[in-house]
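These notes concern the structure reproduced below.
The values are calculated or read from the model by the stated rules, or taken from the named source; none is laboratory data. For clarity, every value in this text was computed on a predicted model and none was experimentally measured. Note that each Cβ is placed from the backbone with ideal geometry, even for glycine, and that neighbours are counted across all protein chains shown.
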Amino acid sequence: MSCTIRIRIQPQSFDIEEESKRLTQGRSDVGALVTFTGYCRDEGGTLAALTLEHYPGMAEAEIGRIAEEAAARWPLSGLTAIHRHGRILPGEPIVLVAAASSHRQAAFEAASFLMDYLKTRAPFWKKEERVGDRDGDWVQTKATDDAAAGRWQKP
Amino acid sequence: MSLELRYFAWVRERIGSPGESLDVPGDVTTVSELISWLANKDEGYAAAFAEPDIIRAAIDHEHVEHDAALAGAKEVAFFPPMTGG
């Protein structure tokens, strides 16, 4: 199955409905569409904003490699990944992953794989801005993210 | 050897620059040797590379291990572990 891969790195927000349509409109072979949206949360009211830094050029290339890997592993008709950079406020979306397939299991697994690898391989870094002008820190890597990506490794 | 270096997140902040073009001595042949050489430049570099094991590297937009050879590299980037998504 040939899979249409769309990757965008952008400062502006995105429309989940529109991106979903792109993967399904005019097609009768799609049986499952899984979308995941990651949002900026306020951490119990303490977070004022996140600033996302990225490595232009490598960010697109790396997500492209991750998406190609997903398309090789599962029978997908389309795969979309959108990641924002710049200053993002609580409640705003940061990342979108959408996977379309004939079957739900492939769509669920591909979307999950893409997110797990995106979090640990794509060159993005989050800096926190705290409420009340308290200096924020760079978000630390979580061991649970590495473990989540590790479970997809082939023996 | 002339290299384009790129720094991101707190590596960039500690060095105080997003990147630079540098002539690297001939005996610096791996990513690991480049880190050691940079760490000796001044306090900022020393702070950025104080814990070399946690620094990630990329050569020409691809992740590499610290034992990777620099031969043929154009752009080498250093950054902390990624926290996107």
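Couple of notes before you dig in:
- Listed by position, the strands (runs of 3 or more DSSP E) inside chain B whose residues that are buried (at least 18 other Cβ atoms within 10 Å of the Cβ) and either within 12 Å of another protein chain (Cβ to nearest Cβ) or not polar (S, T, N, Q) (or both) number at least 3 are B:2-7, B:56-59, B:75-79.
- The C-beta contact set for the stretch A:120-142 (first residue more than 7 Å from chain B (Cβ to nearest Cβ) and more than 10 Å from B:Thr83 (Cβ to Cβ), second residue modelled with pLDDT under 90 and assigned to a loop (DSSP other than H, G, I, E, B), distance under 8 angstrom, 6+ apart or interchain) comprises A:Glu128/A:Gly136; A:Glu129/A:Gly136; A:Arg130/A:Gly136.
- Checking the stretch A:34-43 against the condition returns a match, with at least one residue being modelled with pLDDT of 95 or more, more than 13 Å from chain B (Cβ to nearest Cβ) and not in a loop (DSSP other than H, G, I, E, B).
- Residue satisfying all of: in the stretch A:44-62; in a loop (DSSP other than H, G, I, E, B) and in contact with a strand residue (DSSP E or B) (Cβ under 8 Å, 6 or more places away or on another chain); farthest from the other protein chains (Cβ to nearest Cβ) among these: A:Thr46
- Scan of the stretch A:1-33 for residues that are hydroxyl-bearing (Ser, Thr, Tyr) and either in a loop (DSSP other than H, G, I, E, B) or exposed (fewer than 12 other Cβ atoms within 10 Å of the Cβ) (or both), ordered by number: A:Ser2, A:Ser13, A:Ser28
- From A:Thr51, A:Thr46, residue being surrounded by fewer than 20 Cβ atoms within 10 Å (Cβ to Cβ), touching a residue at least 12 places away in the same chain (Cβ under 8 Å), of a type in the set (S, T, N, Q) and under 27 Å from B:Tyr7 (Cβ atoms): A:Thr51
- Out of A:Ala110, A:Ala81, A:Ala100, one residue alone is within 14 Å of chain B (Cβ to nearest Cβ) and either closer than 20 Å to B:Gly85 by Cα or touching a Ser or Thr at 6+ places or on another chain (Cβ under 8 Å) (or both). It is A:Ala81.
- Qualifying residue in the stretch B:24-47 (condition: among the hydroxyl-bearing types (Ser, Thr, Tyr) and in contact with an Asp or Glu (Cβ under 9 Å, 6 or more places away or on another chain)): yes
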